[in-house]
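Structure, as structure tokens:
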Amino acid sequence: MAARVLNVNVGVLGHIDSGKTALARALSTTGSTAAFDRAPQSRARGITLDLGFSCLRTALPPQLGPGPGELQLTLVDCPGHASLIRTIIGGAQIIDLMMLVIDVTKGMQTQSAECLVIGQIACQKMVVVLNKIDLLPEGKRQSAIEKMTKKMQKTLENTKFSGCPIVAVAAKPGGPEAPESENPQGISELIEVLKSQAYLPSRDPSGHFLMAVDHCFSIKGQGTVMTGTILSGSVSLGDNVEIPALKVTKKVKSMQMFHTPVTYAMQGDRVGVCVTQFDPKLLERGLICTPDSLHTIHAAIISLKKIQYFRGALQTKAKFHITVGHETVMGKVMFFSPAPANFNEEIQENVFDFEKDYLYQEQYLSKDSVSSEENKENDQAGEVQLPKQQWALLEFEKPVTCPKLCLVIGSKLDTDIHANTCRLAFHGVLLQGMEDKNYTETFLPKLKVYKQKHKEGQVERVMDDYSVIGRSLFKKETNIQIFVGLKVKLSTGEDGIIDGGFGQSGKFKIRIPDGLKPDTKMLLSAASKKKSKGGKGDMTKEDESSKNDSAQPVTISLIFKRYVFDTQKKMIQS
């Protein structure tokens, strides 16, 4: 029986020009001369050394179980920046360990911070690599490395990577132009650290097969080979797989892992899948899957969290770059939260409940966002109450194809790359996709997001013990008829019902079923006397001050809610 090979995927991330590719090259060649045979045909075919992937083989470390075996570290070198976000998110489910590469002469830079954010969302373990130590003057090298190590420890203090290993290396001493004879420094120490950090990743062969293809080529007389990493499920010889981008289904003819023919592969494996012939130019990168398991959606409901390093508020109606599955598209957002009474309710994960009512928010509620009016009322103590969970409706500018329950990241990629600011704004999970093009008519009315409306007016005068005339609640042109029957409350405590309009100037009649209190009648008659008195001659100072005391106007409050997607725009009172 062949010795087992455990594959652990290591993402190589860092700011542009921090030396990621040189590091991947130094690692895989250091590993390969000792550990694995680099057959010329495998290089020609590019089954393991394909786009941004290389690997190193080493003996299985003791923490990964007894018996013979090899540890294969597949290095996923994440290229240029916009694609970095797409690559990492696409591969988020399968990156087990992350190497954050820092140029020791520069320290943390914008993109290194963004990589750290992505790592916190998508990854369990991290190793920091301080690269380019050959550029530090020899006499001061050690102290400079120690200083940068301390600085990095401080940066990582409040992240889930606090206390992670930090290793100093020179992946390509002398820089890209230096002769190949220059040996890298610190690489064998880094390999030992990577081995010590390797763990048995949890892999699940159940569920739909989904694979991120990063390279595609044809072999004469055999078919077309797609190489990539399996994100979920498993695949066997003879299975049918769908290529959604080309809208075709193909049969699996043969498969290879680590240059060895296999009949089965599962989540986390890197594999080359040979299918019946098609033009490889049509699919450079993309997804292949169990037929009909991906959906193409025009809009989605997601649960989300703001990324703490993003500066500024997340506003409803704003546009973001939305990365979902393997695609990034522009999308518009609308934020909503539970009704204020349910802010502290435990929410079931990865499920969206269409039976519940949700409160529309002008922006994502966070400590730094101004608390909404409801919150101010809800919380007299002045401490802003935040809901345990918030959601957003995303509306895409063009449809996206993605698995259900996938990771979603919203960013502002049009922000200047050189501005020292994090462009990643929020991350979340796709809970419900809308496949119908006419989702605004067929789907959105089921979504019970409401706006709380609060109007205030004043009592103008008393008609009798059971009715008053009000004003300033409606504009002159408002059709008061649609408000008839709605409940109002007077500032003196009585409950009333709008009975109809009164005259032409937006005034209206209120019926008070339980009658006006004697104090209220006194207050209102005092106010109307003052008014009639005020017309005659000048008031004395004394009169004026007594007016301010006694004749506080009686206000009328009308509170109702309206569902954002209700086509009839009904007003609802609890």
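One line per residue, one yes/no per condition, for (1) buried (at least 16 other Cβ atoms within 10 Å of the Cβ); (2) within 12 Å of the chain's Cα centre (by Cα):
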| position | (1), (2) |
| --- | --- |
| H298 | yes, no |
| L304 | yes, yes |
| I307 | yes, yes |
| R311 | no, no |
| K319 | no, no |
| I322 | yes, yes |
| E327 | yes, no |
| P338 | yes, no |
| F343 | yes, no |
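This table checks each residue for (1) touching a helix residue (DSSP H, G or I) at 6+ places or on another chain (Cβ under 9 Å); (2) at pLDDT below 85; (3) over 21 Å from L75 (Cα atoms).
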| residue | (1), (2), (3) |
| --- | --- |
| E192 | no, no, no |
| S196 | yes, no, no |
| G223 | no, no, yes |
| I230 | yes, no, no |
| T249 | no, no, yes |
Next on the checklist: Kindly evaluate A170 against the criterion of being open to solvent by less than 20 Å² (accessible area, probe 1.4 Å), touching a helix residue (DSSP H, G or I) at 6+ places or on another chain (Cβ under 8 Å) and without any contact (Cβ under 8 Å) to a residue 40 or more places away in the chain.
Outcome noted: yes
Next on the checklist: Among (1) at pLDDT 80 or above; (2) surrounded by 22 or more Cβ atoms within 10 Å (Cβ to Cβ), there is one condition K20 misses while meeting the rest; what is its number?
Outcome noted: (1)
Checklist entry - Would it be correct to say that T478 is touching a helix residue (DSSP H, G or I) at 6+ places or on another chain (Cβ under 6 Å) and over 30 Å from K305 (Cβ atoms)? => result no
Checklist entry - Which one of these is more than 30 Å from P399 (Cβ to Cβ), under 43 Å from the mean Cα position of the chain (by Cα) and outside any strand (DSSP E or B): K453, K521, K475, K489? => result K475
Next on the checklist: Name the single residue that is farthest from S202 (Cα to Cα) among those in the range 102-122 being in contact with a Leu (Cβ under 7 Å, 6 or more places away or on another chain) and part of a loop (DSSP other than H, G, I, E, B).
Outcome noted: T105
Next on the checklist: I need the full set of residues from the range 358-368 which are touching a residue at least 40 places away in the same chain (Cβ under 8 Å), more than 30 Å from T296 (Cβ to Cβ) and open to solvent by 10 Å² or more (accessible area, probe 1.4 Å), in order please.
Outcome noted: E362, S366, D368
Checklist entry - Are any of the residues in the range 121-128 of a type outside the set (D, E), open to solvent by 10 Å² or more (accessible area, probe 1.4 Å), modelled with pLDDT of 70 or more and over 20 Å from A198 (Cβ atoms)? => result yes
Checklist outcome for this item: Within the range 179-216, the residues that are open to solvent by less than 40 Å² (accessible area, probe 1.4 Å) and farther than 30 Å from V252 by Cβ are G186, I187, L190, I191, V193, L194, K195, Q197
Item to check | Scope the range 497-513; condition in contact (Cβ under 8 Å) with a residue 40 or more places away in the chain and either open to solvent by 50 Å² or more (accessible area, probe 1.4 Å) or under 46 Å from the mean Cα position of the chain (by Cα) (or both); matching residues | outcome: I498, K507, K509, R511, P513
Item to check | Residue among F443, F483 that is surrounded by 13 or more Cβ atoms within 10 Å (Cβ to Cβ) and under 28 Å from L304 (Cα atoms) | outcome: F443
Next on the checklist: Whether any residue in the range 421-436 is at pLDDT below 90, touching a strand residue (DSSP E or B) at 6+ places or on another chain (Cβ under 8 Å) and surrounded by 15 or more Cβ atoms within 10 Å (Cβ to Cβ) is what I want to check.
Outcome noted: yes
Checklist entry - Are any residues in the range 226-275 among the aromatic types (F, W, Y) and part of a strand (DSSP E or B), and if so, which ones? => result Y264
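The values are calculated or read from the model by the stated rules, or taken from the named source; none is laboratory data. This one's a predicted model, so the numbers in the text were calculated from it and none came from an experiment. Backbone-built Cβ (ideal geometry, glycine too); neighbour counts: all protein chains shown. Calculation scope for accessible area: heavy atoms of the full protein, side chains included, ligands and nucleic acids excluded. Shrake-Rupley method; radii C 1.70, N 1.55, O 1.52, S 1.80 Å.
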